[in-house]
1. So what's the gap between the Cα centers of the stretch 257-290 and the stretch 1-35, to the nearest angstrom?
2. Using the heavy atoms of the protein chains and a 1.4 angstrom probe, tell me the accessible area per residue for the stretch 52-155 in square angstrom.
3. Shape verdict for the stretch 173-212, please, from the Cα gyration tensor: rounded (a/c under 1.5), prolate (a/b greater than b/c) or oblate.
4. Val271 to Lys199: extension gain in nm, 0.36 nm per residue of separation minus the Cα-Cα distance?
5. How large is log10 of I(q)/I(0) for the stretch 89-226 at q = 0.10, 0.11, 0.13, 0.22 Å⁻¹ when the intensity is taken from the Debye formula with one equal scatterer per alpha-carbon?
6. Would you mind getting the accessible area per residue of the stretch 174-324, heavy atoms of the protein chains only, 1.4 Å probe, in Å²?
7. Roughly speaking, what is the stretch gain from Ser286 to Lys42, that is 0.36 nm per residue apart minus the C-alpha to C-alpha distance, in nm to one decimal?
8. Which of Lys42, Lys305, Lys272 moves the most in a Gaussian network model of the chain with Cα springs under 10 Å?
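The values are calculated or read from the model by the stated rules, or taken from the named source; none is laboratory data. What you see is a predicted model; the values in this text were computed from it and never measured. SASA here: full protein model, heavy atoms, side chains in, ligands and nucleic acids out. Shrake-Rupley method; radii C 1.70, N 1.55, O 1.52, S 1.80 Å.
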Amino acid sequence: MKNILVTGSAGQIGSELTMELRRRYGNENVVAGINRTQPSEKLRDSGPCETVDCIDIEAVHKTVKKYNIDTVFHLAAILSAVAEAKPNLAWNVNINGLYNLLEVAREHECAVFVPSSIGAFGPTTPLDDTPQDTIQRPTSMYGVTKVAGELLCDYYFQRFGVDTRGVRYPGIISNETLPGGGTTDYAVEIYYEAIKKKKYTCNLGAGTFLDMMYMPDAIKAAIQIMEVDAGKLQHRNAFNVTAMSFDPEAVAAEIRKHIPEFTIDYAVDPVKQAIADSWPNNMDDSAARQEWGWAPEYTLPEMTKDMIKVLSKKLVVDDNTTTK
Ligand code: VAH
């Protein structure tokens, strides 16, 4: 990897992945592709930024040619809850945008990282220890675009030799950029509310177990799979990767070890609950561990400790800046 483009660079994963790639490969060698979401000052001022609307194939071509891109991390996507509210937009961005990206990658011989998701599974998938290779009949538009995306990426590898690789991400928890409309967003919001209000009203019910991962591990997975020797890969799109599985009660109990007075109550969002109920309780990620050495570092206690440490400082700072 020498010249890298990150689409969706201002999003929850993109904003941190872009900064880590700049640290590793040089600021000027990593282009932040942005569209609707505005980048932070840190992201904008630390390296090249370009407006890249993946629906506009010419915009993708232009940026890839201008910077002689050889690797694309394609994170531009509509997440599950927004996709259910706006299915046409989700199909257009998640599939037509991906198709454009793959066509440009084919022409310019770029390697491509495309994240899939636990959303690529559905209610007929074995939901415990979900296998790497299993039934994928998702019932959400997001899931349909993720399965179609996996198949399209494998097709471009087998038919055209495009070096496509991907992981099925679980819910991602982070403290830099808020997530944008996913079913697992509660697992981020709960930490912000615990610090600000010492209470949280959760929109997924107690007992809703989902795979989850802390952002440093999510970034590690994306970079590690793109750096591994292609000869080691038996799978490509996409690998199950997970770090933990918890429900809202478990994360609330962990928060209470730091904020004893924290309380949680529930106002279940039926759309998000239906999506979450169709997703695995926990995935088997042994294929990623065997084929490219995947090994997460953060467990729920370690993530909670770090989230509360970072957000306790950040939210005080934000409060100070907002009061000025
Ligand atoms: C969502 N955070 O909730 C995303 C993710 C596994 C879930 O794809 O839509």
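1. What the calculation gives is 28 Å, centre to centre.
2. On the way: 4400 Å² over 104 residues.
It amounts to 42 Å² per residue over the stretch 52-155.
3. Values: a/c = 1.93, a/b = 1.11, b/c = 1.73.
Because a/c hits 1.5 or more and a/b fails to exceed b/c, the stretch 173-212 counts as oblate.
4. Numbers: separation 72, 0.36 × 72 = 25.92 nm, distance 2.29 nm.
Full extension from Val271 to Lys199 adds 23.6 nm.
5. -0.40, -0.48, -0.66, -1.46
6. 43
7. 84.2 nm
8. Result: Lys42 has the largest fluctuation of those listed.
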